[in-house]
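Down below is the structure, laid out as structure tokens.
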Amino acid sequence: PGRVKRLLLSQLFQPLNLQGEAAGEGKTGEPTCRSQKLMLQAGLIHPSSPGCYSYMPPTVRAMEKLIKVIDEEMQAVGGQKLNMPNLSSAELWRASGRWDRMGPELFRLVDRHGKDYCLGPTHEEAVTELVAAQSNLSYKQLPLRLYQVTRKFRDEPKPRFGLLRSREFYMKDMYTFDASEEAAQQTYRLVCDAYCSLFNRLGLRFVKVQAATGNIGGTMSHEFQLPADVGEDRLLLCPSGHFAANVETFNEEQMSCPTCGEKLSQTRGIEVGHTFYLGTRYSSVSNAVFCSPDNKPQLAEMGCYGLGVTRILAASIEVLSTEDSIRWPSLIAPYQLCFIPPKRGSKEEKEGALLLEQMYDDVAEALPHLAGDSVLDDRTQLTIGKRLKDANRLGYPYVFIAGKRVCEDPPVFEVWNQNTGEVLFLTKEGVIELLSKAQVP
């Protein structure tokens with residue numbers, strides 16, 4: 001195989017706005033938050049209409065990595081991936097009662113034959129209808145755990161904060177069908193544990209809180225929240241960890257923990273996941289039945305589980321970043337490595353550029369899983385300092401600089417490790433050893 005093709009920063013479609021024009025208010029004067037400001041400045045998203053964004057190539061890379069990690073967690077609990085239409089017939093929604101109950105948040109449309117449809121914000125009706133159509137479903141085929149990652153639509157009255165509250169977004173939604181209430185509760189615990197595992201792998205501090213079931217329905221519900229000042233949810237937490245709830249589920253007079261009696265503290269959070277135990281709320285409407293061991297039709301017990309894919313991207317930037325530099329969860333950073341050659345006209349220019357390019361190739365050869373995860377900042381008309389500042393703002397976990405010591409024997413590279421905040425001086429062998437710990441999904 002030939003050498004890996006080097007990816008040059010000057011050729012990436014990521015219109016950097018690093019002078020900070022986007023740092024103020026949004027176009028319509030709507031308030032911005034840290035993640036929205038940083039994502040606009042870094043050319044990661046581009047607004048197209050209120051609450052709708054184009055995701056630029058680096059953002060799509062981060063999103064695809066995140067979906068890979070989600071796939072691993074969902075498949076570990078027996079999830080099977082499918083894909084359902086975004087266009088959903090009003091008949092299904094009328095049968096469940098949600099056509100009216102959802103109100104103006106539902107994007108509604110009429111086709112040329114005068115039939116009503118909506119753009120799916122969620123797919124309980126569609127998936128239950130799909131399972132109900134399998135007329136010979138046996139208890140031996142349960143549990144069924146079906147999930148998809150697709151675009152969802154919600155006609156937000158006030159879209160704001162970039163990808164944190166938009167009208168078009170990506171969500172992972174899983175729907176489960178079990179033979180008994182007990183089995184459905186077991187599935188519920190399994191999927192909640194998978195969510196915990198996902199957020200731990202991403203290195204995100206989260207809380208799982210009791211929540212209201214709202215428009216989805218069911219008898220039990222939990223939210224997964226990332227504590228953040230900009231969060232729209234108010235949470236009540238027991239200092240000893242016995243209890244956590246969304247304020248909306250709680251009697252505000254009672255401000256002490258039901259378990260230990262300690263005073264509950266309040267914090268704000270960004271909701272990034274939501275789980276519901278549905279029972280037979282939807283299966284009874286569509287008659288989603290399976291054949292029981294004694295050959296009788298029995299209604300499936302259901303659960304549904306959502307993860308905001310694009311919201312996790314924005315929320316992780318919100319909670320991990322500084323005011324002017326993006327920090328990604330290392331696992332899903334669009335690119336892991338940035339290589340900065342010497343400035344044009346400097347005395348290290350010729351030798352340093354060659355040595356750095358050689359190292360780019362050597363890393364790709366020694367660690368093939370990182371081969372597509374490296375960028376060479378070839379804007380050599382700019383100083384190293386300016387390019388390092390840009391690299392910090394864009395959030396590469398590792399930055400390699402061919403600086404003053406690159407002409408020593410052996411050559412020594414300056415390495416910025418964003419995960420630990422350290423600056424190291426390493427030879428090529430040291431670099432490869434350091435990167436052997438770098439993970440990509």
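Taking the criterion of being open to solvent by less than 10 Å² (accessible area, probe 1.4 Å), within 21 Å of Lys140 (Cβ to Cβ) and part of a helix (DSSP H, G or I), the residues of the stretch 175-213 that qualify are Ala184, Thr187. Counting the residues of the stretch 47-94 that are acidic (Asp, Glu) and open to solvent by less than 40 Å² (accessible area, probe 1.4 Å) gives 2. Identify the single condition in (1) of a type in the set (Gly, Ala, Ser); (2) touching a residue at least 12 places away in the same chain (Cβ under 8 Å); (3) more than 10 Å from Pro341 (Cβ to Cβ) that Gly385 does not satisfy, given that it satisfies every other one. The one condition Gly385 does not meet is (2). Counting only residues that are more than 16 Å from the chain's Cα centre (by Cα) and under 30 Å from Val440 (Cα atoms), the stretch 210-227 holds 1 of them. Output the qualifying pairs, or none if there are none: Cβ atoms under 8 angstrom, residues six or more apart or on different chains, first residue in the stretch 402-422 and without any contact (Cβ under 8 Å) to a residue 24 or more places away in the chain, second residue among the β-branched types (Val, Ile, Thr) and open to solvent by less than 60 Å² (accessible area, probe 1.4 Å). Qualifying pairs under 8 Å: Arg405/Val412; Pro410/Thr427; Val412/Val406; Val412/Thr427; Glu414/Ile401; Val415/Val399; Val415/Ile401; Val415/Val431. Out of Glu64, Glu91, Glu73, Glu30, one residue alone is modelled with pLDDT under 95 and acidic (Asp, Glu). It is Glu30.
Residue count for the stretch 124-154, restricted to those that are in a loop (DSSP other than H, G, I, E, B) and surrounded by 18 or more Cβ atoms within 10 Å (Cβ to Cβ): 4.
Would you call Asp294 closer than 30 Å to Gln134 by Cα, part of a loop (DSSP other than H, G, I, E, B) and open to solvent by 30 Å² or more (accessible area, probe 1.4 Å)? First the steps, then the outcome.
Values: closer than 30 Å to Gln134 by Cα: yes; part of a loop (DSSP other than H, G, I, E, B): yes; open to solvent by 30 Å² or more (accessible area, probe 1.4 Å): yes.
When the stated conditions are applied, Asp294 passes them.
Matching residues to (1) at pLDDT below 95; (2) open to solvent by 10 Å² or more (accessible area, probe 1.4 Å); (3) among the small types (Gly, Ala, Ser):
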position	(1), (2), (3)
Ala300	no, no, yes
Cys304	no, no, no
Val309	no, no, no
Leu320	no, yes, no
Ile332	no, no, no
Gly345	yes, yes, yes
His369	yes, yes, no
Lys389	yes, yes, no
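List the strands (runs of 3 or more DSSP E) inside the stretch 220-266, counting only whole elements, that have at least 1 residues being aromatic (Phe, Trp, Tyr) and crowded, with 20+ Cβ neighbours inside 10 Å.
Result: 220-227.
For the stretch 49-77, the set of residues classified as part of a strand (DSSP E or B) and touching a helix residue (DSSP H, G or I) at 6+ places or on another chain (Cβ under 9 Å) consists of Tyr53, Tyr55, listed by residue number. Condition first: farther than 27 Å from Asp233 by Cβ and in contact (Cβ under 8 Å) with a residue 60 or more places away in the chain. Can you find one or more residues in the stretch 99-107 that meet it? No, the stretch 99-107 contains no residue that is farther than 27 Å from Asp233 by Cβ and in contact (Cβ under 8 Å) with a residue 60 or more places away in the chain.
Considering only the stretch 349-370, how many residues are more than 24 Å from Gln439 (Cβ to Cβ), hydrophobic (A, V, I, L, M, F, W, C) and touching a residue at least 12 places away in the same chain (Cβ under 8 Å)?
Restricting attention to the stretch 349-370, the residues satisfying the condition of being more than 24 Å from Gln439 (Cβ to Cβ) are 349-355, 357-358.
In the following step, the residues that additionally are hydrophobic (A, V, I, L, M, F, W, C) were identified as 353-355.
Then keep just the ones that are touching a residue at least 12 places away in the same chain (Cβ under 8 Å); that gives 353, 355.
Going through the stretch 349-370 one residue at a time, the tally reaches 2.
Looking at the stretch 101-111, is at least one residue at pLDDT 95 or above, within 30 Å of Ile45 (Cβ to Cβ), surrounded by fewer than 13 Cβ atoms within 10 Å (Cβ to Cβ) and among the hydrophobic types (A, V, I, L, M, F, W, C)? There is at least one residue in the stretch 101-111 that is at pLDDT 95 or above, within 30 Å of Ile45 (Cβ to Cβ), surrounded by fewer than 13 Cβ atoms within 10 Å (Cβ to Cβ) and among the hydrophobic types (A, V, I, L, M, F, W, C).
For the stretch 32-46, filtering for residues that are part of a helix (DSSP H, G or I), aliphatic (A, V, I, L, M) and open to solvent by less than 20 Å² (accessible area, probe 1.4 Å) leaves 2.
The values are calculated or read from the model by the stated rules, or taken from the named source; none is laboratory data. What you see is a predicted model, and the numbers here were worked out from it, not measured in a lab. Reconstructed Cβ throughout: ideal geometry from the backbone, glycine too, with neighbour counts over all protein chains shown. These area figures cover heavy atoms from the full protein model, side chains too; ligands, DNA and RNA do not enter into them. Shrake-Rupley method; radii C 1.70, N 1.55, O 1.52, S 1.80 Å.
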